[in-house]
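Written below as structure tokens is the structure these notes are about.
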Amino acid sequence: MGRYLVNIWESVSTMLIGLGITGKHLLRAKNGNVTLQYPEEKWPRPERNIGFDHQDYNVIRSRLVVDINDCTGCKKCERACPVGCISVEALKVPKGTDLGVTSNDTIKRLLVTRHDIDMSECMYCNLCTFPCPEECIYMTGGPNSHKTPIDYEFSEYDRNNLIYKFAVATQEEIDSYTIPVPVTPAPEGAKA
């Protein structure tokens, strides 16, 4: 019976000690230090060295960005991706069609109809950025901070919002360059 009462006393005393510490922190809490309304409010990113130099290293779970105006539709980034999170579709246009030039003065010969990157599957290896002849796909931040600033949070409520679509070709453009396939009628008497 004595051990039973000692256990009750220890339980109540340790609970009161814990509640006392919580009460002390509650009374000393400053405005804004208790709760952060996450999607609307974010903690500021610390301005300290976190183990790398931004000018030399640019893969820190940032996200991939495509400058679609420079993309030639070569699909080298899609082939280099080890997990297959990049999807590129391009349409060959008739000769003499002016699609413009890239920033490296390469004449664009393909109309990029789809350039999607699923960042929920991306493993942030940066392998897709190296084979790109136009350097139009890159990770945000680091040496590319003059193009796109780094943001360490790309949180979304819905996983489908992590699929970034970069192609800007309209359906009218796609239809105007698509060559219709002639349909030959089946000969009479042939079974369908």
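Readers should treat all values here as calculations from the given coordinates under stated rules, not as data from a laboratory. Fair warning: this is a prediction, and the values are worked out from it, not measured in the lab.
Numbers at a glance
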quantity: Potential extension, residue 121-residue 21 segment - 0.36 nm per residue separation minus Cα distance; calculated: 31.6 nm
quantity: Extension gain from residue 87 to residue 7, taking 0.36 nm per residue of separation minus the Cα-Cα distance; calculated: 22.4 nm
quantity: Paired Rg and Dmax values of segment 64-177, which use every Cα atom, in angstrom; calculated: 14.6, 45
